[in-house]
Amino acid sequence: MNPLTQFKKIAIPALVIVAVVSPRFACADAVTDWNLIASNAIVVTAGQPPPVSALSFAMVQGAAYDAVNAIDRGHRPYLVQPPSNPTDSKEAAAATAAYQVLIGLFPGQQPTLQPLYDTYIANLPDNPPGSKAAGITIGEATAAAMLEARMNDGRFGPPPDLYPPAPGIWRQTPPNFANDPAPWVGNVRPFIVPSAEMLRTDGPNALTSAAYTEDFNEVKELGSLTSTTRTPDETDAAIFWQDHAHALFNRIFRTLAASQNLNIVDSARLFAMENLAAADAAIGCWNDKYYWQFWRPITAIREADTDGNPATVADPTWLPLFDPATPVCHPPPLVTPPFPDHPSGHACATGAFVHTLQNFFGTDKIGFSAFSNKSCTTRSFDRFSDALSEVIDARVWAGIHFRTADTQGAVLGKKVAQYVKKNYFQPVR
């Protein structure tokens, strides 16, 4: 069995699934159309959790970018630049690259994906004659290059060793005491940066420090299941951002590609930059999580009498907002995520996503709205940075992270985005 298929499926509304079954009604271009198909394959069908899905999204979008760019030749390739003619079909190239990577990752999905691909290609124009076949050849070449480049890259390898239980050290959390479904992510070879270690954060605050006390008391009050100071909007935001981060942000990218009138060349570069940056943010984040192995708020608050800090008061019955008692739009129920607190995985990803958006568009001042399959609400933002600020807050409001884990995670993501900006996707002069 392909290990990529072993994760529990994540519930997504049927509407999202239906949206990908008729690719002949293309809403934009092959890059955005196949990003939607890829999201369905990666998140819904394969059920990959966020840090694993980041790797799959990166492979699909990196190959699609190289396919389109091989024809356009306006920017440096990510991996390869097969020979091409300017009239070769960029649409066929992008669709083929995405499809070939997907069936390489998920061979069991080929019976579903093959008809989608065949129909999609059949409905593309062949003008001039032979341009479609040429695009297919290019897409096959960039997909093969991506699949070969990622062989033996550390995916699905052994988990890191856990530190012995002690104050401040992470351990499994109630109510389900689950294991991390992908503790190996931090040992995967990065896509962009030279090493995961170069993304090391400053680390969590010392248990006896004033900074730790401040973080502790904030999450204890605002993140409690029974908090009287967290507002209804803050509760909604916390649940909103618990939607699958990479599916949610790729929906945002598709929205932005349409609202900003991006052509297929620009869309290919946007989706590749975003998802390659997010993959390395996930790798660096999980590497950092198991370097520090810091405890979650539910453990810290219940066991505060062991932390050596007289300013923290234990509450052995404390529960976070993210508890099965909190209503959600779609299962599974809310719980504390089953891996160390520091840094926040969502903040790492969002930091990479948001700073890459700023770098790509050259501004922070673009508004957008997004719908969450966890809260079934829509939230709107005037700037890209507003989303990052809200994610940092939301993980505290959820009761699952100390603020320092969020802020340092956002910095880690920014480091990856800045490395991408300086070293990849440069225009050809």
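The values are calculated or read from the model by the stated rules, or taken from the named source; none is laboratory data. Not measured: the values here are computed from a predicted model. A quick note on method: Cβ atoms are made from the backbone with ideal geometry, for glycine too, and the neighbour counts reach across all protein chains shown. Quick note on the areas: whole protein, heavy atoms, side chains included, nothing else; ligands and nucleic acids left out. Shrake-Rupley method; radii C 1.70, N 1.55, O 1.52, S 1.80 Å.
Looking only at the range 108-137, count how many residues are crowded, with 21+ Cβ neighbours inside 10 Å, in contact (Cβ under 8 Å) with a residue 40 or more places away in the chain and β-branched (Val, Ile, Thr).
Number of matching residues: 1.
Quick check, is residue 74 loosely packed, with under 15 Cβ neighbours inside 10 Å, among the small types (Gly, Ala, Ser) and at pLDDT 95 or above?
It is true that residue 74 is loosely packed, with under 15 Cβ neighbours inside 10 Å, among the small types (Gly, Ala, Ser) and at pLDDT 95 or above.
For the range 247-284, how many residues are of a type outside the set (A, V, I, L, M, F, W, C) and open to solvent by 10 Å² or more (accessible area, probe 1.4 Å)?
9
What's the number of the condition residue 402 fails, among (1) within 12 Å of residue 237 (Cα to Cα); (2) touching a His at 6+ places or on another chain (Cβ under 9 Å); (3) aromatic (Phe, Trp, Tyr)?
Residue 402 satisfies all of (1) within 12 Å of residue 237 (Cα to Cα); (2) touching a His at 6+ places or on another chain (Cβ under 9 Å); (3) aromatic (Phe, Trp, Tyr) except (1).
Every residue in the range 327-367 that is open to solvent by 10 Å² or more (accessible area, probe 1.4 Å) and of a type in the set (Val, Ile, Thr), please.
Hits for the range 327-367 are 328, 335, 363, 366.
Being surrounded by fewer than 22 Cβ atoms within 10 Å (Cβ to Cβ), among the basic types (Lys, Arg) and closer than 20 Å to residue 337 by Cα is the requirement here; does residue 189 meet it?
Criteria not met by residue 189.
Against the conditions (1) open to solvent by 20 Å² or more (accessible area, probe 1.4 Å); (2) hydroxyl-bearing (Ser, Thr, Tyr); (3) assigned to a loop (DSSP other than H, G, I, E, B), where does residue 380 fall short? Just the number, please.
The one condition residue 380 does not meet is (3).
Within the range 229-331, considering only helices (runs of 4 or more DSSP H) that don't extend past its boundaries, which have at least 3 residues that are at pLDDT 95 or above, within 30 Å of residue 74 (Cα to Cα) and touching a helix residue (DSSP H, G or I) at 6+ places or on another chain (Cβ under 6 Å)?
Passing ranges, in order: 245-259, 264-292.
Quick one: count up the residues across the range 302-325 that are hydroxyl-bearing (Ser, Thr, Tyr) and surrounded by fewer than 19 Cβ atoms within 10 Å (Cβ to Cβ).
2
Working carefully through the options 68, 80, find the one that is open to solvent by less than 40 Å² (accessible area, probe 1.4 Å) and at pLDDT 95 or above.
After applying the criteria, what remains is 68.
Among (1) more than 17 Å from the chain's Cα centre (by Cα); (2) in a loop (DSSP other than H, G, I, E, B); (3) at pLDDT below 95, there is one condition residue 16 misses while meeting the rest; what is its number?
Among (1) more than 17 Å from the chain's Cα centre (by Cα); (2) in a loop (DSSP other than H, G, I, E, B); (3) at pLDDT below 95, residue 16 violates only (2).
Quick check on this structure: which one of 148, 140 is touching a residue at least 40 places away in the same chain (Cβ under 8 Å), open to solvent by 70 Å² or more (accessible area, probe 1.4 Å), over 30 Å from residue 325 (Cα atoms) and of a type in the set (D, E, K, R)?
Of 148, 140, the one residue that is touching a residue at least 40 places away in the same chain (Cβ under 8 Å), open to solvent by 70 Å² or more (accessible area, probe 1.4 Å), over 30 Å from residue 325 (Cα atoms) and of a type in the set (D, E, K, R) is 140.
For the range 67-90, enumerate the residues that are among the aliphatic types (A, V, I, L, M) and touching a Lys or Arg at 6+ places or on another chain (Cβ under 7 Å).
Hits for the range 67-90 are 68, 71.
Out of the residues in the range 394-429 that are surrounded by fewer than 17 Cβ atoms within 10 Å (Cβ to Cβ) and of a type in the set (D, E, K, R), which is nearest to the chain's Cα centre (by Cα)?
Only one residue fits best here, namely 422.
Against the condition of a type in the set (Ser, Thr, Tyr), open to solvent by 70 Å² or more (accessible area, probe 1.4 Å) and farther than 17 Å from residue 399 by Cβ, how does residue 208 come out, does it pass?
Against the criterion (of a type in the set (Ser, Thr, Tyr), open to solvent by 70 Å² or more (accessible area, probe 1.4 Å) and farther than 17 Å from residue 399 by Cβ), residue 208 qualifies.
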